[in-house]
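Just below is one structure, and these are the notes that go with it.
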Amino acid sequence: MPFEDLQILSLTDEKEAKDLLGSIGVDPYGIESMAPKMRHLNILVKKVSCRHGNIIKQEMLSLGGDAAVSRGTVGCTDEQTDVLLMGTEKQIRRFAEKVANQPGSLKELSFVIKEALSRYLTGDFLWKTARRSLVINKRTLIMGILNCTPDSFSDGGKYRDKEKAVARALEMMEEGADIIDVGGESSRPGADPVSAEEEMRRTIPVIEELTRRASVPISIDTVKASVARAALQAGAEIINDISALTFDREMPEVAAKSKAGVVLMHMRGEPKTMQMGEIRYEDVVGDIIFYLKKRIEAAESWGIASEHLVCDPGVGFGKTVSHNYTILKRLSEFRVLGRPILVGVSRKSLIGAVTGEGPEKRLEGTAAAVTAAVLNGAAIVRVHDVKEMKKVVSVADAVRYGVDL
Ligand code: 9MG
């Protein structure tokens, strides 16, 4: 039968698209021109006036794409509508060009679309910390968790706790951790806060020792400016702030002055109470992206350059199990933030909710969730079981980026 070797392709990145065009023998100009036609985009624009909704629909139709608007938009019985632009990257770019010269908000829409596309299509990142730049390119980084809370290492003696913590950090480094995240306050749901003094007592001696002995950057997991300041002085380079610089009004200044790397994480409420009561979002992914966009803008307004920022949807922080899986499934949408995405799923309750097992028995479930995160665009994964997750990430990276073997 002729044509029986027809294929329906699933292409996920620009390189794959260009390689395919090259293999057909398309000339280089054609490759540049056609690759953007191979990427289909759905772009949701909220609260557009009915007049503009109609113009957008007409323009997109004229370019061979389409735009979904509310039923009442055509007759303008609806004052406003959300608009879903549907088209290839090429059609969307043409649309943005066409409306760029229109007065008022369509001109702004053109600008916003172009900006969003350029952030969304950024593949490689530099993450600047207080002392170095981490290249994030074709390999997912591993952040190893070092909990310096009493339940983690304590066997009574202060000295032995510190020695054990340092030994575990060095072991994680040997196992493949790219960053060690040191924390002295539990952020588990329902956990009680601890004082800054206690947090420092638990973490600073460990960081001082690791700064002397570890070659990878140290991150301090804290929401308190005084703890972050002391940790940075002791040699830490990154602030992992689960409150996205909102908990302590002095934190932005500490981050800006030190030029530390900063993880901005989304959390609803605070650890003590975040899983209580009804947890509702209009659209969990859209709401978190909007929040993180505002936190990036706030950080920049305090003088923290965007190259220092990493964003984190905050799996498990004020979200239902269903929200957490939606975040993992739609993780690639966070690319629109234009910054690397960090994901922490290790041993969390979203895994236990499906496997029915307790935190110590969630290794395989964690492996599956880490794989999903990597395949959907995570740049960094925060994990307890570095040795095992290093292998998981290597295989997921091979699927995501390919291998030269
Ligand atoms: C401290 N901590 C616990 N879970 C976390 C997560 O998912 N992300 C980040 N950045 N920190 C976390």
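The values are calculated or read from the model by the stated rules, or taken from the named source; none is laboratory data. Predicted model only: the values in this text are computed from it and were never measured. Note that we place each Cβ from the backbone using ideal geometry, even for glycine, and neighbour counts take in every protein chain shown.
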For region 121-141, does any single residue satisfy the condition of being aliphatic (A, V, I, L, M), exposed (fewer than 15 other Cβ atoms within 10 Å of the Cβ) and either under 29 Å from V403 (Cβ atoms) or within 16 Å of the ligand (Cβ to nearest atom) (or both)? yes
Residue within region 167-180 that is β-branched (V, I, T) and either within 14 Å of the ligand (Cβ to nearest atom) or more than 30 Å from L350 (Cα to Cα) (or both) present: yes
Is it true that some residue in region 77-87 is of a type in the set (A, V, I, L, M, F, W, C), within 30 Å of L375 (Cα to Cα) and touching a Ser or Thr at 6+ places or on another chain (Cβ under 9 Å)? yes
Within region 134-144, residues assigned to a strand (DSSP E or B) and in contact (Cβ under 8 Å) with a residue 24 or more places away in the chain come out as L134, I136, L141, I142, M143, G144
Looking only at region 51-101, and only at residues there that are assigned to a strand (DSSP E or B) and touching a Cys at 6+ places or on another chain (Cβ under 9 Å), the one that is farthest from A35 (Cα to Cα): Q80
Scan region 287-308 for residues that are part of a helix (DSSP H, G or I) and either under 15 Å from S187 (Cβ atoms) or not aliphatic (A, V, I, L, M) (or both) and jot them down. D287, F290, Y291, K293, K294, R295, E297, E300, S301, S306, E307, H308
Residues located in region 34-66, provided they are over 21 Å from S118 (Cα atoms), surrounded by 20 or more Cβ atoms within 10 Å (Cβ to Cβ) and among the aliphatic types (A, V, I, L, M): V48
So which residues in region 161-192 are of a type in the set (V, I, T) and either outside the structural domain of S346 (by TED's automatic domain parsing) or more than 19 Å from V315 (Cβ to Cβ) (or both)? V166, I180, V182
Could you check how many residues of region 95-111 are more than 29 Å from the chain's Cα centre (by Cα) and surrounded by 19 or more Cβ atoms within 10 Å (Cβ to Cβ)? 2
Provide a single number: the residues in region 305-357 that are more than 15 Å from the ligand (Cβ to nearest atom) and at positive phi. 2
A214 vs (1) touching a strand residue (DSSP E or B) at 6+ places or on another chain (Cβ under 8 Å); (2) without any contact (Cβ under 8 Å) to a residue 12 or more places away in the chain: all pass except (2)
Every residue in region 164-188 that is assigned to a helix (DSSP H, G or I) and either under 24 Å from the mean Cα position of the chain (by Cα) or small (G, A, S) (or both), please. A165, A167, A169, M172, M173, E175
Does at least one position in region 75-87 carry a residue that is at positive phi, at pLDDT below 95, out of contact with any His (no Cβ under 9 Å at 6 or more places or on another chain) and not small (G, A, S)? yes
Residue, nearest to S301 (Cα to Cα), within region 243-291, restricted to residues that are among the small types (G, A, S) and free of Cβ contacts under 8 Å to residues at least 60 places away in the same chain: A256
Can you find even one residue in region 157-179 that is touching a strand residue (DSSP E or B) at 6+ places or on another chain (Cβ under 8 Å), in contact (Cβ under 8 Å) with a residue 40 or more places away in the chain, among the β-branched types (V, I, T) and buried (at least 19 other Cβ atoms within 10 Å of the Cβ)? yes
